[in-house]
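The values are calculated or read from the model by the stated rules, or taken from the named source; none is laboratory data. Here the structure is a predicted model, which is why all the values come from computation and not from measurement. We place every Cβ from the backbone using ideal geometry, glycine too, and count neighbours over all the protein chains shown.
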Amino acid sequence: MPALRLLRLSLSQFRSYARLTWQPAGRIVVIAGANGSGKTNLLEAISLLVPGRGLRGARIGDLVRRGATAWAVNGRFATPEGPVEIATGTPPDGPADRRVFRLDGVAPRSQAELAAHAAAVWLTPQMDRLFQEGPSGRRRFLDRLTFALEPGHAREVAAFDTAMAQRNRLLAERRDDRAWLAGLEESMARHAVAATAARMGLVARLNATPAGAFPQARMALLCPIAARLAERPALEVEDWLRGALEAGRGADAASGSSALGAHRADMGLEDAASGLPAALASTGQQKALLIGVVLAHAALLAEARGAAPLLLLDEPVVHLDAGRRAALFAALVAGPAQCFMTGTDSDVFAPLRGVAEGVRTGDEGLDADPAFPAPGA
């Protein structure tokens, strides 16, 4: 299967880098360096070249290097359709909190146009806390996976959020405009059901995709809308939700939020073999389950797009025992995807010597890691 390949990455005033141009040579790249030396910044820069807010979900103003006023990231890719250049950053003459894209030098019509050319999946240390925190983080994780396969999903979620915010404001102001409220509740119901259906589709496809050497995870969408959609037609569920929102206006006005909607969904995850919920698993078991989900999602993307996406794995071997590390390395070597991994100690990636390219971060630049000979050398 063909794979998306990053051929060149250029940074300008981005995070810790004043300027950097890098041409990755390997299909598997190990980026090693001390904490704070810019490893994650490189992965974040790559992640910003695909739709979304990047692997950190950072505010635009936080991406610029201290003392600078504008930043830019540029990537040249090899795709099955030919070379593509994608750039993003703040406009030189525009506000610092605005981000723009360029596709081969031209502003794309939408981020969905970018999605047709480039895709990436990632794993970060922040995901290690996914099962100890509230549902919002798990919901964002699920939505990011869904959006990668269904670009229209982001529009449905955004439209629901907009209608819900307007309804909340009307209720807070005690404005008894029933026609306006009814219209907003109609919009909320329609978009909530569409977003829930997309989430359910993603969950079903992931559960049917083998995780290889990693524990098979069983994902669930915990949501009353999903429970009804599993048994009722979408239009019937829209009618139910619209009626429930109307009946709940008084309680929602008192609480300041909607008790029902796409914003109340949560993601459940458990080991398919043992039934052990991820929330009760050890840190190492949770990490293995998440890696399995990420690799399965990459496989789904490859099947849907006809080309494997980039894999961005930030500190992936932390909390993994030797057996799981070996399984991860074997999966990456066997797969078609170009993969970028980080770690403070390149020795843990020793089994990949001769296969992976190794670089070290420091002094705002990159150097070849002498512990990693050129792949194939």
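General remarks:
- Restricting Ala308, Ala272 to residues that are in contact with a Gly (Cβ under 8 Å, 6 or more places away or on another chain) and of a type in the set (A, V, I, L, M) narrows the list to Ala308.
- Per-region count, the range 15-33, residues part of a loop (DSSP other than H, G, I, E, B), within 23 Å of Ala87 (Cβ to Cβ) and touching a helix residue (DSSP H, G or I) at 6+ places or on another chain (Cβ under 8 Å): 2
- With respect to the conditions (1) part of a strand (DSSP E or B); (2) of a type outside the set (Asp, Glu); (3) within 16 Å of Val121 (Cβ to Cβ), Gly268 falls short on a single one, namely (3).
- Filtered by the rule that a residue be touching a residue at least 40 places away in the same chain (Cβ under 8 Å), more than 19 Å from Gly57 (Cα to Cα) and in contact with a Ser or Thr (Cβ under 6 Å, 6 or more places away or on another chain), the range 133-188 gives a lone residue, Met164.
- The conditions of being in contact with a strand residue (DSSP E or B) (Cβ under 6 Å, 6 or more places away or on another chain), farther than 25 Å from Gly134 by Cβ and of a type in the set (Asp, Glu) are met by Asp367.
- Residue within the range 281-288 that is outside any helix (DSSP H, G or I), at pLDDT below 95, of a type in the set (A, V, I, L, M, F, W, C) and farther than 15 Å from Met127 by Cα present: no
- The residues in the range 245-259 that are in contact (Cβ under 8 Å) with a residue 40 or more places away in the chain and not polar (S, T, N, Q) can be counted, and the count is 6.
- Helices (runs of 4 or more DSSP H) within the range 90-186 that include 3 or more residues in contact with a helix residue (DSSP H, G or I) (Cβ under 6 Å, 6 or more places away or on another chain) and of a type in the set (Lys, Arg): none
- Some residue of the range 102-125 being out of contact with any Gly (no Cβ under 7 Å at 6 or more places or on another chain), hydroxyl-bearing (Ser, Thr, Tyr), under 20 Å from Thr21 (Cα atoms) and buried (at least 17 other Cβ atoms within 10 Å of the Cβ): no
- Of all residues in the range 344-359, those satisfying the criterion of being surrounded by fewer than 21 Cβ atoms within 10 Å (Cβ to Cβ) and at negative phi are Thr344, Asp345, Asp347, Val348, Ala350, Pro351, Arg353, Val355, Glu357.
- Val50 modelled with pLDDT of 95 or more, outside any helix (DSSP H, G or I), of a type in the set (Val, Ile, Thr) and within 23 Å of Gln338 (Cα to Cα): no
- When Ala211 is tested against the conditions (1) within 18 Å of Met267 (Cα to Cα); (2) touching a strand residue (DSSP E or B) at 6+ places or on another chain (Cβ under 9 Å); (3) modelled with pLDDT under 95, the lone failure is (1).
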